[in-house]
1. Which order, highest average first, do 7-20, 202-215 follow once you tally other Cβ atoms within 10 Å for each residue and take the mean per peptide?
2. Tell me which lysines have Cα within less than 22 Å of LYS134's Cα, excluding those fewer than 8 residues away on the same chain?
3. Local charge sum around PHE209 (other residues, Cβ-Cβ under 9 Å, Lys/Arg +1, Asp/Glu -1)?
4. Whole-Hz Karplus ³J(HN,Hα) for segment 77-90, in order, using 6.51 cos²θ - 1.76 cosθ + 1.60 and θ = phi - 60°, x for Gly and Pro?
5. Between segment 98-131 and segment 138-192, how far is it from one alpha carbon centroid to the other, in angstrom?
6. Amide H of ARG119: which non-local residues (sequence gap of 5 or more, or other chain) have their own amide H closer than 5 Å, using H built in the peptide plane?
7. Taking 25 Å as R0, compute the FRET efficiency from the Cβ-Cβ separation of ARG144 and THR117 and round it to 0.05.
8. What shape does segment 113-225 take by its C-alpha gyration tensor, where a ≥ b ≥ c are the square roots of the eigenvalues and a/c under 1.5 counts as rounded, a/b above b/c as prolate, and the rest as oblate?
Amino acid sequence: RKVVTVADTLRRAVLSRYEELVGPVPPVLVGHGLPPGDQHARFWPLPDVGFAHSSGRIFGAAVWLPAGTDGAIVDGTKMALWGTERLVAGKALEVGVEMHDGSERPLAASPSRWVATSRRWVSAFPAQHERHTKNAPGLAEVSRWCRNAGIPEPTEAVTAREPFIKGAVSLSPHEARRPNKRGRPYSHVALRFAEPVTGPFALGAGRSFGLGLMVPFSEPKRRRRT
């Protein structure tokens with residue numbers, strides 16, 4: 001349930017270590033000073049969701065950088081991550097971390113779980129609404145979220161307060177609030193696209209902090225009658 005705390009703590013650690021080991025932190029990492037519409041770094045906790053016994057527990061985290069990010073910045077970010085051994089946020093969070101080295105991990109902490117291709121995606125954490133509206137966000141509004149996240153518009157979009165899959169987290173208002181920001185409405189999201197979309201991606205106003213993180217969804221296979 002500490003999705004925002006984990007994401008914010010990871011972000012602070014990476015920015016601090018980058019400045020210490022590499023030099024001035026570039027705009028693509030801090031999210032300021034970029035041309036309008038440009039994507040920037042996202043910090044995503046990775047939960048166990050989508051299976052019969054999924055618990056929602058956070059097993060890992062990822063730093064997402066937009067395609068075309070300068071190779072030196074990518075290498076610097078990796079260096080900063082290698083130099084991060086603990087994430088500490090007062091009494092709210094203290095955990096040891098290590099870089100994924102390709103060895104066997106829980107599926108939630110493996111890149112293959114999130115770097116997947118599918119026509120259907122659902123939220124692991126609820127997405128913060130980008131605008132305050134009287135009605136629940138429909139296809140037009142969610143399509144705008146997708147455009148802002150740099151992915152294609154869906155052909156179908158459904159939102160709900162409760163999760164669509166096992167293990168997805170139903171956060172309380174204070175848990176879905178970004179650091180030093182006012183609270184916003186939030187919803188779980190289910191999407192269908194005309195063509196397969198490759199992840200990872202997150203939607204909504206809190207997508208830099210793991211809110212609105214999406215996971216590929218597969219319908220249970222029906223048993224054949226004999």
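The values are calculated or read from the model by the stated rules, or taken from the named source; none is laboratory data. Everything quoted here is computed from the prediction, not taken from an experiment. Ideal geometry is used to build each Cβ from the backbone, glycine not excepted, and the neighbour counts take in all protein chains shown. We work out accessible area using only protein heavy atoms, side chains counted, and drop any ligands, DNA or RNA first. Shrake-Rupley method; radii C 1.70, N 1.55, O 1.52, S 1.80 Å.
1. Details: 7-20: 19.5, 202-215: 26.2.
Highest to lowest by the protection proxy: 202-215, 7-20.
2. LYS181
3. On the way: positive: ARG11, ARG42, ARG178, ARG207; negative: ASP8.
Surrounding charge for PHE209 is +3.
4. 5, 4, 4, 4, 5, 4, x, 9, 10, 9, 10, 10, 9, x
5. 15
6. VAL197
7. Numbers: r = 23 Å, r/R0 = 0.92.
That pair, ARG144 with THR117, gives E of 0.60.
8. Values: a/c = 1.75, a/b = 1.50, b/c = 1.16.
Taking the square roots of the gyration eigenvalues as a ≥ b ≥ c, segment 113-225 is prolate.
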